[in-house]
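A short worksheet on the structure shown next.
What follows is calculated from the coordinates using simple rules that are stated; it is not laboratory data. Note that the structure is predicted; figures quoted are calculated from it, not measured. Quick reminder, even Gly has a Cβ in these numbers, built from the backbone with ideal geometry, and neighbours come from all protein chains shown.
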Amino acid sequence: MIKSNLKRIFTMGGKYDTRNYTVHDIIEQKGDKKLCQILVGTVEEAVAAEEAGIDMVIVGVSNPYPEIRKAIPKTFMTVALSASVCHTLEEAVRQSYKIMSLGADAIMCSSWNKNYIKSLSEFGFPLMGHAGLVPRHSTWTGGLKPVGKTLQQAQKVYNSIKELEDAGVFAVEIEVIPEKLLAEITKRTSLVTISLGSGKAGDVHFLFAEDILGENKEMLPRHAKAYRKFHEIKEKMQNERISAFKEFRKEVYSGKFPQDKYIVDMDDTIINEFIEKIDK
């Protein structure tokens with residue numbers, strides 16, 4: 001739980017507030033302190049993250065990020081804005097102002113055009129980029145698999161990060177590249193490196209809440225660690241729902257439900273007077 005060392009800020013929405021970290025703080029800790037970040041999709045996940053002391057959360061723009069902001073007012077929150085919902089630079093700027101005015105601390109620009117990123121940076125938006133395995137561009141890298149294992153791929157990853165640096169982002173999510181490569185890149189970039197499946201060398205370590213919680217029965221991505229087995233709990237709950245519904249149906253058919261304690265009683269005198277009155 002966040003209790004102290006909060007920083008007073010003034011948001012793009014024109015509101016005084018406090019946060020555990022500012023963009024400046026995150027940049028300053030590079031090479032000094034490791035931070036953790038979780039992708040959350042619900043208010044419940046977000047509240048749990050703040051209670052657990054998670055440093056940063058990221059939320060998809062299609063998730064209820066205004067409600068999540070209200071529920072976790074102190075935690076640094078990035079909203080991931082998909083390029084697919086911004087077909088023009090004007091729309092990207094409009095969406096970014098909306099997101100920031102509703103309390104976001106940064107915007108994730110995954111799979112965005114570098115020119116868009118540079119323009120948004122010039123508007124003063126704190127931006128995160130994405131490099132390595134970018135799922136929406138995975139057809140160019142041979143599918144959903146590690147990238148950067150060959151000299152040519154490693155150079156491309158490094159070049160893309162330097163391009164993001166030049167475009168004005170302050171941090172970059174680097175997904176599923178070799179740990180040794182991330183270590184060398186982290187030394188050679190001013191950007192805060194966020195490791196998703198790229199080993200220990202990043203400045204920030206990142207996982208999805210659904211993976212941490214074991215929400216899915218299917219095999220996790222290689223880089224993801226499940227700390228709980230929520231899919232088993234959900235399966236058990238579903239089985240209990242079915243059993244309860246079956247028991248209800250059975251009792252209705254047999255006449256057992258409703259039992260006396262679930263029935264509102266009435267004085268016999270009153271019901272007899274009622275019958276006499278309406279049957280006249």
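For the reader, a short list of remarks on this structure follows.
- Each of A71, C36, I58 was placed along the dipole of the chain (beta-carbon charges, centred on the mean Cα), and the one lying farthest toward the positive end is C36.
- Given +1 at the Cβ of Lys and Arg, -1 at the Cβ of Asp and Glu and no other charges, the dipole of the range 175-280 around its Cα centre is 880 debye to the nearest 20.
- By the rule of a C-alpha distance below 18 Å, with chain neighbours fewer than 8 residues away ignored, the aspartates and glutamates paired with K277 are D267, D268.
- Our helix-only sum for the chain, with -39,500 (n - 2.57) per DSSP H run of n ≥ 4 divided by its residues, gives a mean residue ellipticity at 222 nm of -12000 deg cm²/dmol.
- Environment charge at S96 (Cβ cut-off 14 Å; Lys +1, Arg +1, Asp -1, Glu -1): -1
- Summarising the strand pairing of the chain, around 10 percent of its internal DSSP beta bridges are antiparallel.
- Karplus-derived HN-Hα couplings along the range 73-78 (A = 6.51, B = -1.76, C = 1.60, θ = phi - 60°), whole Hz, x at Gly and Pro: x, 9, 8, 4, 10, 9
- All lysines inside 23 Å of K261 as judged from Cα atoms, apart from same-chain residues fewer than 8 positions distant: K246, K250
- Over the chain, relative contact order from alpha-carbon pairs under 8 Å, at least 6 apart, %: 13
- Dipole moment magnitude, nearest 20 debye, the range 7-228 about Cα centre, only Lys, Arg, Asp, Glu C-beta charged: 380
- Whole-percent pair-distance distribution, where bins are 10 Å wide, for the alpha carbons of the chain: 6, 24, 29, 16, 7, 6, 6, 4, 2, 0
- Residues whose amide H falls under 5 Å from that of G132, counting only those 5 or more places apart or on a different chain, are E175, with hydrogens built in the peptide plane.
- Magnitude of the charge dipole for the range 148-213, about its Cα centre and with charges confined to Cβ atoms of Lys, Arg (+1) and Asp, Glu (-1), is about 360 debye.
- Percentage relative contact order, the range 156-231, counting C-alpha pairs under 8 Å, at least six apart: 22
- Applying a threshold of 32 Å to the alpha-carbon distances of K145/K234; K34/K114; K217/K256; K7/K118; K15/K145; K118/K180 flags K217/K256; K15/K145 as lying beyond it.
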